[in-house]
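Input: a single structure, listed below in structure tokens.
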Amino acid sequence: MTIVSQGFTGIPAVLLVIACVLIMWWRLGMLEAIFMAATGVLSPIANLFKLIIEQPRPPATLANIITPFGGLGFPSGHAFFAAMVLGMLIYFILKNISLPAVRVLLISVLIFIILLVGYSRVYLGDHWVSEVVESYIIAGGFLLLLTAFYEYRKAIKARQKSGSR
């Protein structure tokens with residue numbers, strides 16, 4: 001579970017976002033790459049929530065903590081990041097992959113990873129289940145805003161393209 005959590009923080013997280021951005025740019029275009037990058041850039045906003053809410057992490061007396069982790073608990077930055085980045089990937093898969101078997105497979109794997117990251121945070125004693133679920137909800141709200149803005153930009157781009165002919 002430690003390895004799962006470590007894959008969604010620090011350098012591995014940055015590399016994941018860079019890889020996703022490059023793939024989006026290569027396969028879909030610059031606009032999609034920009035929105036993919038936005039999920040990574042917005043992920044540290046979880047830290048702002050931590051500073052505002054100041055929710056402590058589960059104490060060692062109530063949770064079987066493997067390695068005590070300092071700092072604040074709400075929201076789970078790992079779960080928030082996983083939901084943001086992998087959630088945007090799910091969105092682009094839904095929009096761009098038409099083969100049902102491939103769509104279902106890719107989306108199932110990504111959802112499993114998102115849930116596994118959240119489970120790892122609870123398993124390691126770093127967060128309560130409620131903190132992870134709330135992180136997913138907040139990330140979902142940000143994804144709704146991002147995807148709505150993406151659709152808006154896409155519509156503007158299509159209108160400009162059809163108007164220039």
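The values are calculated or read from the model by the stated rules, or taken from the named source; none is laboratory data. Model, not experiment: these values are computed from the prediction. Cβ: placed from backbone, ideal geometry, glycine included. Neighbour counts: every protein chain shown.
Yes or no, residue by residue, for (1) touching a Cys at 6+ places or on another chain (Cβ under 9 Å); (2) farther than 24 Å from His78 by Cα; (3) modelled with pLDDT under 90; (4) surrounded by 15 or more Cβ atoms within 10 Å (Cβ to Cβ):
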{"position": "Arg103", "(1), (2), (3), (4)": "no, yes, no, yes"}
{"position": "Val109", "(1), (2), (3), (4)": "no, no, no, no"}
{"position": "Phe112", "(1), (2), (3), (4)": "no, no, no, no"}
{"position": "Tyr119", "(1), (2), (3), (4)": "no, no, yes, yes"}
{"position": "Val122", "(1), (2), (3), (4)": "no, no, yes, yes"}
{"position": "Ile137", "(1), (2), (3), (4)": "no, no, no, no"}
{"position": "Gly140", "(1), (2), (3), (4)": "no, no, no, no"}
{"position": "Leu146", "(1), (2), (3), (4)": "no, no, no, yes"}
{"position": "Ser164", "(1), (2), (3), (4)": "no, yes, yes, no"}
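When you check Val117 against the structure, is it of a type in the set (A, V, I, L, M, F, W, C) and farther than 20 Å from Gly40 by Cα, yes or no? It is false that Val117 is of a type in the set (A, V, I, L, M, F, W, C) and farther than 20 Å from Gly40 by Cα. Looking across the range 112-163 at every residue that is in contact with a His (Cβ under 9 Å, 6 or more places away or on another chain) and in a helix (DSSP H, G or I), the one that is nearest to Thr39 (Cα to Cα) is identified as Ser135. Highlighted here are the helices (runs of 4 or more DSSP H) found entirely within the range 1-45 that include at least 2 residues which are more than 12 Å from the chain's Cα centre (by Cα) and closer than 20 Å to Phe142 by Cα: 10-27, 30-42. Please find, within the range 132-152, the residue that is nearest to the chain's Cα centre (by Cα) out of those that are closer than 11 Å to Ala83 by Cβ and hydrophobic (A, V, I, L, M, F, W, C). In this case the residue turns out to be Ala139. Scanning the range 130-141 for residues that are within 18 Å of Val41 (Cβ to Cβ) and in contact with a helix residue (DSSP H, G or I) (Cβ under 6 Å, 6 or more places away or on another chain) returns Ser135, Ala139. Looking across the range 12-27 at every residue that is at pLDDT below 90 and under 17 Å from Tyr91 (Cβ atoms), the one that is surrounded by the fewest Cβ atoms within 10 Å (Cβ to Cβ) is identified as Leu16.
Listed here are the residues, each with its yes/no results for (1) modelled with pLDDT of 95 or more; (2) charged (D, E, K, R); (3) within 15 Å of the chain's Cα centre (by Cα).
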residue: Gln55; (1), (2), (3): no, no, no
residue: Gly77; (1), (2), (3): no, no, yes
residue: Met84; (1), (2), (3): no, no, yes
residue: Tyr91; (1), (2), (3): yes, no, yes
residue: Asp126; (1), (2), (3): no, yes, no
residue: Ser130; (1), (2), (3): no, no, no
residue: Lys154; (1), (2), (3): no, yes, no
residue: Gln160; (1), (2), (3): no, no, no
